[in-house]
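Take a look at the structure below.
The values are calculated or read from the model by the stated rules, or taken from the named source; none is laboratory data. If you're wondering where the values come from, they're calculated on a predicted model, not measured in any experiment. Don't worry about glycine lacking a Cβ; one is built from the backbone with ideal geometry, like all the others, and counts go over all protein chains shown.
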Amino acid sequence: MSAPLTGLPNPHKSTSPITFVAVPDVRLLLWSYRVLRSLQSNLSSGQLIHQPYYRPVSALDQGYTHPPFLLGADHVFEWRSTLHGFPLCIITISINPLYHFPRPHLVVANSFTYQCPHLHLLHWDLTPEIPLELSESLEQVNQYLDGNLTELFVHLNQFYFDYFQPITPYNRSPHSPLLPSEPPTTPFIPTIPTLDNPNTIPLVGQQ
């Protein structure tokens, strides 16, 4: 029988530091994935012009962008006339983690360019269904235009349906997605005077 080994560190020593490993919230990861996935498709068809815009959120405390980045997105839907080709109604859905509203906020205005109704829906995420305020405002515009926006409702519902398509293996039904209860925290990079980025030109003068 061999002699026991001596002089080796004790892995069960009570004074050994244990590194805490934070478990990421998978709901926030799925939120980022859904926002990015929504930018990879375009629903433009017929009278509908769909314009997705990528809106990164980053810190500029050093005069240039640097990670970590947060996702943001604007989806602009223009419903154009078959007679003159100009928009009859515009919907802008803005997803931004800096919008800390308890529920989606709707702003109804007129387009400066086309003078048509322009509906702005602001929130840090989409809701599983189209907000009632947006549906009611669209219905009022639809009545004014004698039902010309009926097909726009179909496209908008399709956009919401596609946004919440299941993400395996986390959830398999668009009716029960894993949604975060609050927006992700914005990135914060502490100011480091010696930090330099040779690949970019600072946007502001260094102090």
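When we screen S58, S14, S41 for residues that are under 14 Å from P97 (Cα atoms) and either modelled with pLDDT under 90 or exposed (fewer than 15 other Cβ atoms within 10 Å of the Cβ) (or both), the only hit is S58. Each residue in the range 88-113 was checked for being under 16 Å from H50 (Cα atoms), of a type outside the set (A, V, I, L, M, F, W, C) and more than 25 Å from the chain's Cα centre (by Cα), and 0 of them qualify.
Pull up the range 126-143, narrow it to residues that are farther than 17 Å from T92 by Cβ and either charged (D, E, K, R) or in contact (Cβ under 8 Å) with a residue 12 or more places away in the chain (or both), then point me to the one that is surrounded by the most Cβ atoms within 10 Å (Cβ to Cβ). Here the answer is P128. On the given criteria, is P9 at pLDDT below 90 and over 30 Å from Y170 (Cα atoms)? Yes, satisfied. For P117, the stated conditions hold: it is surrounded by 15 or more Cβ atoms within 10 Å (Cβ to Cβ), farther than 15 Å from H75 by Cα and touching a Cys at 6+ places or on another chain (Cβ under 6 Å).
Is it the case that some residue within the range 100-109 is buried (at least 16 other Cβ atoms within 10 Å of the Cβ) and among the aromatic types (F, W, Y)?
no
Please verify whether the range 105-127 includes one or more residues that are in contact with an Asp or Glu (Cβ under 6 Å, 6 or more places away or on another chain) and of a type outside the set (G, A, S). The answer is yes, given that some residue of the range 105-127 is in contact with an Asp or Glu (Cβ under 6 Å, 6 or more places away or on another chain) and of a type outside the set (G, A, S). From the residues in the range 144-157 that are of a type in the set (A, V, I, L, M) and over 20 Å from the mean Cα position of the chain (by Cα), which one is surrounded by the fewest Cβ atoms within 10 Å (Cβ to Cβ)? Step by step, filter the range 144-157, then rank; the result is V154.
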